[in-house]
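K.L.:
Following this message is one structure expressed as structure tokens.
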Amino acid sequence: MDREPTILESFQQQGMSRRSFLKFCAAAASLLALPAARAAELAEKLGAMPRPTVIYLSFQECTGCLESLTRSFSPTIEHLIFDTISLAYNDTLQAAAGEAAEAAREEAMRKAWGKYVLVVDGSIPAPLDGAYCVIGGKSALASVQEVAKGAAAVIAVGTCAAFGGLPMAAPNPTGAVAVQDLIKNKPLINISGCPPIPEIITGTIVYFLTFGVPELDAHRRPKVFYGNTIHDRCYRRPFYDKGLFAKTFDDAGARNGWCLYELGCKGPTTYNSCATMKWNGGTSFPIESGHGCLGCSEPQFWDRGDFYKPLSAGLWHGSIGEDLGIAAVAGAVLGGAAALTARHRQDKTRTETETRKPEGK
Amino acid sequence: MDLLTLARGPILQWALVIFVVGTVWRLAGILLLRRKPDYTEPRSTHTWRGAANLIVKRTVPKREFAAQTAFGNTIGYVFHIGLAVVVFGFVPHILFIKSLTGLSWPGLPSGIVYVVGALTVAALVAALVRRISNPVMRLISNADDYFSWAVTIAPVITGLMAAAHWGGPYPTILAIHVLSVCLLLAWLPFGKLMHAFLVFIARGTTGALFARKGAST
């Protein structure tokens, strides 16, 4: 029988037992906070389906997202790419290079046309037909449009792919855009973060394979991972409520876990799971390491002013002191002119009254 | 530029510019007016003391009218003190003032500020009900009174909404809160809210005149 092995069969071919497969499913279900019934459904569906083809394209990015993905603890990247998906193209992880790699991608696309999942990492420069980012003689713009045509769904991994990211920072020299600005006719999931939490990348892929597109927020991010702000789940939150704030990095307050709001933490406006899922297998996250949240999973976080200014501080253009000084002078001139006009009117009235008096006599 | 960045940036900056131009304009326009010459013999030369005396005395309700004015005075005190606590006691607000002036002071726990904010909203609603239900108050009220009330209560309500994560994503509600503050700042010099600056000048001027005439306050 010439058919693709199912995901369960792939596990077994690797010498792993059904128990290992169920452990993998349990980990994924736990990550996704699925109820028990849905967890069983996840195991059943994943066990029966053939490994789906995934094409992973990287454009204007730093490879941090892929670095993050390779550090996923549960499900692990090994489980994901060896057992759960068939990673047909990723120019960093694959052994093939050059024309052979491109030929492998085209062959995978042809075989799984309409069924494969396209994962995009990095933003795409749109002007000049995408001339600012060319791979194998083909622009990023042309590549993403071509590959997206045959995709069942698109997953934009990282803030660059989801929202434009650092390449889009003012003055956006390459005219970088997000995947959602180019691909309008396919189901699209954004997994933002700079980089995203690895388990969110793997968890979202597993969820999509099993149940389809998860419930998304206004920025097309899975609500299960982006439903709460960092601030609301932060272990330093009680200190915010008590009005206890660290004044400098590594002062006594900072070391005692006081809130980093005054030091510019953007946790209150940032939706992500860093405070609960953490990084490196649940070891820590930036705020726990003593640094405020940069808000890296939010659109335009790169152009929202100083990372180290509190969220409630004004984002002044130029010198606010000078502006308000000029405003005060302008106000004084206007007020003086108003008072002078009133005085002039009083003088005029008095003169008229005095002039009329003799006539009235 | 997203809504929050727009609100915290150029819109807030322009609102502050309008606030300063308007406030200085009105203060200068009033303070530079020519005073009526008074040729009478002054009964007292301690006019500054008279000014300060009246500012304090008019802050305390008159005992003779206490029963009739108790409700109005109470809600007036509650929302004025409440606004002061919310504006100058909440740490994010102090940090905003610090970013503007460089001045800062210790803040209050957030929980206390939320409770005071809720009391302030209740008192402001009571003030509106009183204004509408009292025939005399209704007669002497105009659009300025109602608009000034609306722009005063809006930042408190939106601030509480942001704190409670109610009504939408936090960044959106926070942006609406900042925009409501911008509206308050831009309107303040041009309507009855200017009493925030003029109340003490008016009382002081009256007190000084009373002192000069030797009148009882």
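The values are calculated or read from the model by the stated rules, or taken from the named source; none is laboratory data. Note that this is a predicted model, so its numbers are computed, not measured. Quick reminder, even Gly has a Cβ in these numbers, built from the backbone with ideal geometry, and neighbours come from all protein chains shown. All accessible areas refer to the heavy atoms of the entire protein, side chains included, with ligands and DNA or RNA removed. Shrake-Rupley method; radii C 1.70, N 1.55, O 1.52, S 1.80 Å.
K.L.:
Name the single residue, out of those in region B:29-68 being open to solvent by less than 50 Å² (accessible area, probe 1.4 Å) and not in a loop (DSSP other than H, G, I, E, B), that is farthest from A:V329 (Cα to Cα).
P.N.:
Checked region B:29-68; the qualifying residue farthest from A:V329 (Cα to Cα) is B:A66.
K.L.:
Yes or no: B:L100 open to solvent by 30 Å² or more (accessible area, probe 1.4 Å), closer than 18 Å to A:L311 by Cα and assigned to a helix (DSSP H, G or I)?
P.N.:
yes
K.L.:
Let me ask you something else. Filtering region A:227-251 down to residues that are away from chain B (no Cβ under 11 Å) and open to solvent by 20 Å² or more (accessible area, probe 1.4 Å), which residue is modelled with the lowest pLDDT?
P.N.:
A:D250
K.L.:
So, in region A:322-343, of the ones that are open to solvent by less than 30 Å² (accessible area, probe 1.4 Å) and over 12 Å from B:V24 (Cα atoms), which residue ends up nearest to the other protein chains (Cβ to nearest Cβ)?
P.N.:
Within region A:322-343, the match that is nearest to the other protein chains (Cβ to nearest Cβ) is A:A339.
K.L.:
Cβ-Cβ under 9 Å, sequence separation 6+ or interchain: first residue in region B:157-181 and surrounded by 20 or more Cβ atoms within 10 Å (Cβ to Cβ), partner among the acidic types (D, E) and in a helix (DSSP H, G or I). Which pairs?
P.N.:
B:Y170/A:D232
K.L.:
Please work out if B:Y77 is over 25 Å from A:L244 (Cβ atoms) and in contact with a helix residue (DSSP H, G or I) (Cβ under 9 Å, 6 or more places away or on another chain).
P.N.:
yes
K.L.:
Of A:A254, A:A218, which residue is of a type outside the set (S, T, Y) and surrounded by fewer than 15 Cβ atoms within 10 Å (Cβ to Cβ)?
P.N.:
A:A218
K.L.:
Residues that are among the aliphatic types (A, V, I, L, M) and open to solvent by less than 40 Å² (accessible area, probe 1.4 Å): which helices (runs of 4 or more DSSP H) entirely in region A:1-93 hold 3 or more of them?
P.N.:
By residue number, A:18-31, A:36-48.
K.L.:
Based on what the data block shows, is B:A52 under 24 Å from the mean Cα position of the chain (by Cα) and touching a residue at least 40 places away in the same chain (Cβ under 8 Å)?
P.N.:
Spelling it out, B:A52 is indeed under 24 Å from the mean Cα position of the chain (by Cα) and touching a residue at least 40 places away in the same chain (Cβ under 8 Å).
K.L.:
Another question about this same structure. Quick one: how many residues across region A:292-338 are in contact (Cβ under 8 Å) with a residue 40 or more places away in the chain and among the hydrophobic types (A, V, I, L, M, F, W, C)?
P.N.:
Going through region A:292-338 one residue at a time, the tally reaches 7.
K.L.:
Count, please, the residues in region A:293-334 that happen to be in contact with a Phe, Trp or Tyr (Cβ under 6 Å, 6 or more places away or on another chain) and in the same structural domain as A:F249 (by TED's automatic domain parsing).
P.N.:
So the answer is 3.
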